[in-house]
Structures are given as C-alpha cells and as structure tokens.
Amino acid sequence: MNTTLSSFDAYAEQYQKSIANPEDFWSNIAADFKWRKKWDKVLEWDFHKAEVKWFVGGKLNITENCIDRHLPQRANQTAIIWEPNDPKDEAKHITYKELHEQVSKVGNMLRAQGVKKGDRVCIYMPMIPELAYAVLACARIGAVHSVVFAGFSAGSIADRIQDSGCSVVITSDGSFRGEKKLDLKSIVDEALEKCPTVKTAIVFQKLKLGVKMKAGRDLWWHEEIAKVSADCPPEEMDAEDMLFILYTSGSTGKPKGMVHTCGGYMVYINYTFRTAFQYRDGQVYWCTADLGWITGHSYILYGPLSAGGTTVIFEGIPSWPDMGRFWQAIERHKVNIFYTAPTAIRSLEKAPLSFVEKYDLSSLEVLGSVGEPINEEAWHWYNKNIGKEKCPIIDTWWQTETGGFMISPIANVTKLKPAHATLPLPGVQPAVMDENGKELTTNGVEGRLTIKFPWPSMARTIYGDHKRFFETYFSTFPGKYFTGDGCKRDEEGYYRITGRVDDIIIVSGHNMGTAEVESAIDEHHEVCETAVVGYPHDIKGQGIYAFVILYHPPKDEEKLRGEIKETVSKIIGPIAKPDKIQFVSGLPKTRSGKIMRRILRKVAEGDTSNLGDTTTLLDPAVVDEIKAGAL
Ligand code: ATP
Ligand code: MG
C-alpha cells in the first residue's frame, strides 16, 4: 500500500476506513509482504481473556521480508550505516546483499550449535553491526531473541535469562562507552554462574581484551563463523509464532518480558514507520535508541529494513568526544530523518549552541521524539536549533507492549502542537476513561488512556505469565487495553500524555499529571530538567514536590524557588505550584533514560527504607545525593 498521505483529509479518510473495516484495512497492507502461505483469517480476539491473533494461519519469515525480498532491486543499496564510537574511525556501509550474507552465516552458526525454532537466545552486545546480524539471524532460524541492553549488570542479565530460559548467549569481549572500555564478557560470566540453562556463549571479538574463555561453553564468533556457509534457508514461521521477548524499561516496577509475534508485528511496524515519518525511498534514517529497547527493535531494525530503507546504527554516546557528536554524524551521513529522546535533547541543550552551529544540518527533513512526553521548552529548542523550523517533530507515543507507534503526528500532514502526541494513527482506537470506568466520549476531557480495539503489533502475553498480562493490561477496564498512562484530549481531539496514572498527584481534589507540571517548571530559563511527585500534605491531601536540575548553580535559592512557583502559576495556575523544590544534580533514571518517580516519591515521603526494584537504574549514586538533600 502506498503510505504517502498528501493532506490531512487523506489521513482522516484513511483513519475512517481503518476503523470502519479494520480487517480489510490491515489485510491490504499485509498483502505487500511475502507470505509463504496466506492467512485464513485476519483477526481473532477477546480482550476479556487478553487473547489476540492476527493473520491466523499465515506463514512467513520476517527476515525474508526485511532482506531477501529487497535483493532484486536493492542488493547494492546501503541497508545499514554503522557509525563507530570514535569519529576518527571509519563508518561502515553494509548493503542489503552483505546483510543477507552476514545474517545467513550467523543463522548457520547458531544452527550448528543446535539452536532451533522456539529456542530463546539472549543477546548482550554493543551497538555494532554484529548485534543486528545476531538479532536477524535468530529471526531467520525461528529462535526467539531476547536482547538485553549492554549496560545492564550481571544480576539483571541473569534475571532475564532465567525468566525466559535462554540456552545460548551471544556477547562480545568488550564495548566502548565514550573513552571508556567495558568488559562485557566478565559481566556475562558472572551472570552465567546463575544460569544453568545456558549451554553455549558465543563471543564476538571486538576489543581483544584477552578475556577468559570457559572450555565446553564459550566459543569465538570468528572461529565458528568461518566454518559455515552463507546459505541459510529461512525457517517458516506461523504468523503467531514468537519473534522476540523484550523486557520493559522498569520505570514503574519489575520489568515485564513482553512477547511479540511474527506476522502482525511485521505488518504494523512497517506501516507505522512509513506513515509517521512519510519515509521515502533513498532517505537516510537515524534512530539514536539502543537496540536493547523496543525503539531499537522496531525502528532501527525491523521497520526501516522491511521498508527497504537505510538505517544508521550508532555505537557511541551523544557527549563524546564532545557535545556535538550527534550533529557531526548527521552532517557526515546526510541524515534526513533523525529520531531521538527528550532526555537526550535536554542534555544537549545544556551545551553551548556552537556545538550545533559547527555542522551542516541541512539534510534534515523530519525529526522525531520518543520515550516520555517532550516538554515544551525542549520541543522549541529542538525545533529551532536542529530542525531550523522547517522539520516537523514527530512525537511518537507508544510502549514496549504496543510494539509500534500508536498516537503520533504524520510528517507534513498533521498540524503540530508542542508536547502533544496529537492524533491516533490509522488502525488505533483510543478511549479515554474516567476513574469509575466510564468512557469519556467528548473532546475536552482528561482521564486514563486505553485502546479499545486490537492492532497487529500488540504484545500477546508476558512470557510465562499470562495471568500477569491479563491483570496488568486488561483487568482495570474490562474489554479494553489499559496503557497505564494518563492523557488529555483537547477540543481539537488532540492527545497530550500527562504522565503515568500511578504518578498522578491529587492536590485539593484536582488531578495533576506529572508531565504538565514538569513542562511548566522547565519553562523557567534557569531550569534544565524536572521531576515532580506527590507527598502527603495535611491540608491539600497531596503536595507537589519538585526535583529540579539547573543550568547553573543558583545565586539565591529562595528567590529562584519563588520565580519557579510564579512560572508554574502563570502557565497552569496557582494550584499547580510546587510546595517543595529541591535542587539536584541528577535524577534517578532507567538505562533507557526514564525517570523512576517511584523512588523520588519515597524520598518525598521521607521513607527510603525500601526502594523496590532498582536494577534498571542508570546511576545509583544519584539516589544517595537526593536522599541527603531531601527537604
Ligand atoms: P515499565 O512498564 O516496566 O514501567 P516503561 O513503561 O518505562 O517500563 P517502555 O515501554 O519503554 O517502558 O515505555 C513506555 C512508556 O513511555 C509509555 O507508557 C509512556 O509513559 C512513555 N512514553 C513513551 N513515548 C512517549 C511519548 N512520545 N509521549 C509521552 N509518553 C511517552
Ligand atoms: Mg510501561
């Protein structure tokens, strides 16, 4: 299907069609792919049991669609541009033909170790091309990949391996993080002491750190790959066979092993990638996420490759060798579409503008944002300095569980509104619910965001725990998928995500979303980033406690606090004025850059005895500083 939308009316028409007859709509899109066998039935579903199946009876292999299908026209086109950690090193351009060969070899290497359809493989690797090969190789032979971000500790890897019973781990002997070298292999060794299901560890030699190899378990990638051929027939998969397991970021509690399946996922990710960004043939696309997150799975690999696109994989970090690293790489590869997270934007905003101005960013056409609501101040900075006010910002709201974009503007089609994810994509049917479970059907409402009809890439279950899946997502509002997020739908029908429902603060009976209050505080010119939480307050029920990062050390703290309160008062109203403002140098974030407000809530409540699961925390030291400075 042609996904180019010429106007807002064309979107509205497509949306209407997708709602009037979802099965027709999705089967039209699915028809573009290579199916070994066509599906018998488009959709079967029952949200009361948390059961969904798409393209029932269809047979396919996703790598045949992401790679082989393109070979007749695109064998020599670049599929992946790999930008190394150190800008002095050379970038790699991997064509579709080379990708086919590499993925096939890795697939055969895994098969040679006895890996077969349905087996779980844990991948713990830096952002190097071999990571992409490993992921796609699993998909090719029908093994279920479980990618674990290569910044996690031994304990977190062990938890994830045990939870899904992986039999193989693929890792490397090390990775770069800016100027640091990390020894991934010894972290894996420690994890594997607690993982008896793992029989084989395949180690890619990246840094030649001289790591120890355990006889009978550890194998060198380069030795094994030399033994296999490049002919790897893809495994025929059922549309509903498992493609991967991926753990959520853990912002709200213990991570959940979300299960995604082959057919619906492929169709939806492809469609949303092409639609939201209005991707055109030949464009260079760069998503800065790590492959260890859903954003990396869906919109570094499967989306762009299924569309025959050119996707950038970046090994480094935005702040090394200096704060211009992203902008330098955009210039170098003439990136057309750049997709990053608000947390990255806010940290780069702190650096002098000269880091941006040094580079030619004129190739940029579309910008994207994901991970949390983008505050208005960051939105304007991004729009002005990076997009030069000519690139739409595609603020994509979605989750690990949804697999792909749900609410998002469409590039050059949807009129933008800063801090708003705007409108549902075709096929997505949001419903805003009040606390009592009643759907709010008009515009100009605020409540809990649910989705009332299935979409093809939704997670099918939590690995090994369907009961938890049902309870987490389908029991709060029977018959609907509950996202856990709060939202506003304004008079125009535009959605604004106001934060997690669990984080909502109720001040004197008024519901206050964290995102809105934070965005208002961030408007003060001295404020870089903020997190707010509620705490018990004698008179108001809950008071607002703000943790604020400043651009410069404050000259007069009390005066600044007063100004910040005034700023919030002007933007939202006096009711939203923070009661307490603590200046901090950092915030507790997950390794995907999300604020763990539940930890801050404990600090604000003065109860730090049990902080819950903190294994996905990026920098535990920050918590000590915050505890020490609590008001
Ligand atoms: P866990 O579910 O384990 O607590 P998590 O929710 O942080 O972890 P993800 O699936 O990575 O794990 O994040 C999805 C969440 O991120 C959404 O529910 C939403 O709260 C937030 N989010 C993502 N993109 C946006 C966006 N564009 N606007 C607003 N919020 C967003
Ligand atoms: Mg979540």
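We did not get these values from a lab; they are worked out from the coordinates using the rules stated. From a predicted model like this one, the values you see are computed outputs, not experimental measurements. Positions of Cβ are generated from backbone atoms using ideal geometry, with glycine treated the same way; all protein chains shown enter the neighbour counts.
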Give me the distance in nm between label points sitting 7 Å out from Cα along the Cα-to-Cβ direction at LYS438 and SER319, one decimal. 4.9 nm
Computed over the range 506-628, the ratio Rg/Rh where both radii use C-alpha atoms and Rh is Kirkwood: 0.95
0 to 90° range, to nearest 10: angle between helix 262-276 axis and the chain longest Cα axis: 50 degrees
Alpha carbon centre of the range 131-165 versus the range 386-420: separation in Å? 29 Å
With everything on Cα atoms, drop me the angle between helix 8-20 and the longest principal axis of the chain, reported from 0 to 90° to the nearest 10. 70 degrees
Let's test the formula: R0 of 30 Å, r as the Cβ-Cβ distance of LYS180 and HIS93. What FRET efficiency results, to the nearest 0.05? 0.65
Greater than 23 Å separation of Cα atoms is the criterion. Which listed pairs, LYS117/LYS199; LYS105/LYS199; LYS105/LYS206; LYS117/LYS254; LYS334/LYS594; LYS206/LYS589, meet it? LYS117/LYS254; LYS334/LYS594; LYS206/LYS589
Report the Cys residues of the chain lacking a disulfide-compatible partner, meaning no second Cys Cβ under 4.7 Å from their Cβ. CYS66, CYS138, CYS195, CYS232, CYS262, CYS287, CYS391, CYS487, CYS528
Select from TYR339, ILE81, PRO373 the residue farthest towards the positive end of the dipole of the chain; place +1 on Cβ of Lys and Arg, -1 on Cβ of Asp and Glu, and compute about the Cα centre. ILE81
Dividing the helical contributions, -39500 (n - 2.57) per DSSP H run of n ≥ 4, by the residues of the chain yields a 222 nm value, nearest 500 deg cm²/dmol, of -8000 deg cm²/dmol
Expected sort for ARG561, ARG460, ARG36 with the fewest Cβ neighbours (10 Å cutoff) up front is ARG36, ARG561, ARG460
How far apart, in nanometres, would the label points at SER363 and LYS37 be if each is projected 7 angstrom from Cα along the Cα-to-Cβ direction? 4.5 nm
Toy charge model, Lys and Arg Cβ at +1, Asp and Glu Cβ at -1: the range 506-628 dipole around Cα centroid in debye, rounded to 20, equals 260 debye
Show me the trypsin sites (Lys or Arg not before Pro) within the range 40-74 that DSSP assigns to loop and that have at most 13 other Cβ atoms within 10 Å of their Cβ. LYS49
Using a Förster distance of 45 Å, how high is the FRET efficiency between ARG280 and SER475, based on the Cβ-Cβ distance and rounded to 0.05? 0.60
A correct Karplus calculation of ³J(HN,Hα) over the range 247-253, with 6.51 cos²θ - 1.76 cosθ + 1.60, θ = phi - 60°, whole Hz and x for Gly and Pro, returns 7, 5, 5, x, 5, 9, x
Full-extension gain in nm, HIS537 to LYS627, via 0.36 nm per residue minus C-alpha separation: 30.5 nm
Spherically averaged projected area of the chain from its Cα convex hull (nm²): 26.7 nm²
Within the set LYS350/LYS602; LYS88/LYS358; LYS390/LYS452; LYS350/LYS565; LYS88/LYS185, which residue pairs have Cα atoms separated by over 24 Å? LYS350/LYS602; LYS390/LYS452; LYS88/LYS185
Using unit Cβ charges (K, R positive; D, E negative) and no other charged atoms, how large, in debye to the nearest 20, is the dipole of the chain about its Cα centre? 1100 debye
What's the magnitude of the charge dipole for the range 368-509 around its Cα centre, counting Lys and Arg as +1 and Asp and Glu as -1 at the beta-carbon? Answer in Debye, nearest 20. 400 debye
Hull surface divided by four, with the convex hull built on the Cα atoms of the range 191-233: how many nm²? 4.4 nm²
Label-point separation in nm, ASP9 to TYR551, each point 7 Å along Cα→Cβ: 4.4 nm
Amide hydrogen neighbours beyond the local backbone of GLY499, cut-off 5 Å, H modeled: GLY486, ALA515
Net charge near ILE393, counting Lys/Arg +1 and Asp/Glu -1 over other residues with Cβ under 15 Å of its Cβ? 0
Residue span LYS390 to GLU558: 0.36 nm per residue of separation minus Cα-Cα distance leaves a gain in nm of 56.5 nm
